[in-house]
Amino acid sequence: MPYVHDTLTRLKHSSPAQAEFYQAADEVLESLRPLMEADRRYHDHSIIERLVEPERQILFRVCWVDDQGRVQVNKGYRVQFNSALGPYKGGLRFHPSVTSGVIKFLGFEQIFKNALTGLPIGAGKGGANFDPKGKSDGEIMRFCQAFMTELYRHIGPATDVPAGDIGVGGREIGYMFGQYKKLTGRYEGILTGKDPLWGGSLGRTEATGYGVVYFAENMLQGRGDTLAGKRCLVSGSGNVAIYTIEKLYQKEAIPVTCSDSSGTLYHENGICLKTLKELKEQQRARLDKYLETYPEAQFIPVKDYPEDGHAVWRFPAQAAFPCATQNELTEADAETLLANGVICISEGANMPSTADAIDRFIDAGIAYGPGKAANAGGVATSQFEMAQNASMQPWSLDKVDRRLQSVMQNIYQRCADTAEEFGQPHNLVLGGNIAGFRRVGDTMIQQGVV
Ligand code: NDP
């Protein structure tokens, strides 16, 4: 069936220079083959052609004034990808590497992720090529205000509800919300990831990382195993990585690494969570500062990484949790992980493993949870925040956590059952893509050509 090749050729022609987007589309299209062969309806309704084209893409200029009084200009994006299942939902990323192709890959992944949650949320993603590193609090505030001064006209509690992602945490959400309120005079749930003090959900900060560990636990349970006692490699040291590490300790596992854009930290006794939180959440410091408290730990700067991959995946362990960014785990990294005895991988980041690395994991038959399934706890809890905002009823932390656990279990089950149905048990990439696609595709057929 030539549709994968044809679709990618068309995409490369109509949307040039979007390598990450082609990578994400290729993975999904390949795994949909058995479904497309079994069910003609998706061809007849041109579902693939409609899915790979965002419903709307908003590109805008963001001008702001830095502390030296100079005018700075950035590119802002919001891609409203698919609204079949509900209001557009997905985070905002502030990072210098942000381009149209990065936002489109993230928005595309979001379609299947949100569908897998079973919740009424469509898919979108946005951000800016703004680098928050080294910026003062005043500069961050002015940038966020300038960003929202354009974005506010495109979002709303029933149309599009952005959240955080790389470079966008509670502080940035607060500044953007404040500007939205000032511009519109309305106090409404147009962003998630707010502080629980003023409309946020308890447990949202922790949700993605906790969900990643719940997903790993579900995969291992399916194989009669648990996380207890397992040495774990974690990459990143931001929101997702920190709460992955926290939940791993609660499950009696031993997280021994984390990383940032300057290098990798290895602590044989286990990463000290308290010190990591102080460094990253309060001081916004580089990771090598950890050695001031724990001189016995090891820091590997990026310049000393292996040529074909990343230092973080080269330590012996039984489980791995990529929680930094896309393509941070190469084929050579995958081979080392497998040779070192890793039997479980649960992805906190979006598309952290390259296509060749994923093939290695699937061929090896280990428990591999792709990001669009394993990290969906964040967006699910964002939907809980929307529900609390709409009803003006806050939920207890216990209720949020119980719902999160149940969503993660259901996602795992949907992926595993669908993989089984298509004769590839344990292939959760195939299971997740087909299960997510079917929910969106069937909905689009019912809603007509719009
Ligand atoms: P944060 O900004 O809080 O943390 C990102 C971490 O990854 C930092 O340690 C950062 O290091 C590191 N990092 C980012 N880019 C690079 C890079 N190019 N090279 C090396 N290290 C890098 O972001 P989050 O924790 O929120 O997001 C991490 C991943 O999880 C992303 O892929 C995101 O899309 C995904 N995700 C996040 C969700 C959420 O709820 N926040 C939900 C679902 C997925 P440094 O600070 O030095 O740049």
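Observations on the model:
- Restricting attention to the range 197-246, the residues that are in contact (Cβ under 8 Å) with a residue 60 or more places away in the chain and surrounded by fewer than 18 Cβ atoms within 10 Å (Cβ to Cβ) add up to 3.
- All conditions in (1) more than 15 Å from the ligand (Cβ to nearest atom); (2) closer than 21 Å to Ala19 by Cβ hold for Ser136, with the sole exception of (2).
- Screening the range 305-314 for residues that are of a type outside the set (D, E, K, R) and part of a helix (DSSP H, G or I) and picking the one that is surrounded by the most Cβ atoms within 10 Å (Cβ to Cβ) gives Trp313.
- Residues (in contact with a strand residue (DSSP E or B) (Cβ under 9 Å, 6 or more places away or on another chain) and within 11 Å of the ligand (Cβ to nearest atom)) located in the range 306-325: His310, Val312, Phe321, Pro322, Cys323, Ala324
- Filtering the range 277-304 to residues that are within 13 Å of the ligand (Cβ to nearest atom), in contact (Cβ under 8 Å) with a residue 12 or more places away in the chain and assigned to a loop (DSSP other than H, G, I, E, B) leaves only Arg286.
- Applying the criterion of being outside any helix (DSSP H, G or I) and in contact (Cβ under 8 Å) with a residue 24 or more places away in the chain to the residues of the range 11-53, the residue that is surrounded by the most Cβ atoms within 10 Å (Cβ to Cβ) is Val52.
- Matching helices (runs of 4 or more DSSP H) fully within the range 147-252 where at least 2 residues are within 16 Å of the ligand (Cβ to nearest atom) and under 16 Å from the mean Cα position of the chain (by Cα): 204-221, 239-250
- The condition (being under 22 Å from Arg56 (Cβ atoms) and either outside the structural domain of Asn239 (by TED's automatic domain parsing) or out of contact with any Pro (no Cβ under 6 Å at 6 or more places or on another chain) (or both)) is satisfied by just one residue among Pro132, Pro87: Pro87.
- In the set Gly91, Gly86, Gly69, only one residue is more than 20 Å from Val449 (Cβ to Cβ) and crowded, with 16+ Cβ neighbours inside 10 Å; that residue is Gly91.
- Filter pass, Val73 being out of contact with any Phe, Trp or Tyr (no Cβ under 8 Å at 6 or more places or on another chain), of a type outside the set (D, E, K, R) and either assigned to a loop (DSSP other than H, G, I, E, B) or in contact (Cβ under 8 Å) with a residue 24 or more places away in the chain (or both): no
The values are calculated or read from the model by the stated rules, or taken from the named source; none is laboratory data. Note that the coordinates shown come from a computational prediction; the quantities given were computed from them, not determined experimentally. Methodologically, a virtual Cβ is constructed for each residue, glycine included, from the backbone with ideal geometry; neighbour enumeration extends over all protein chains shown.
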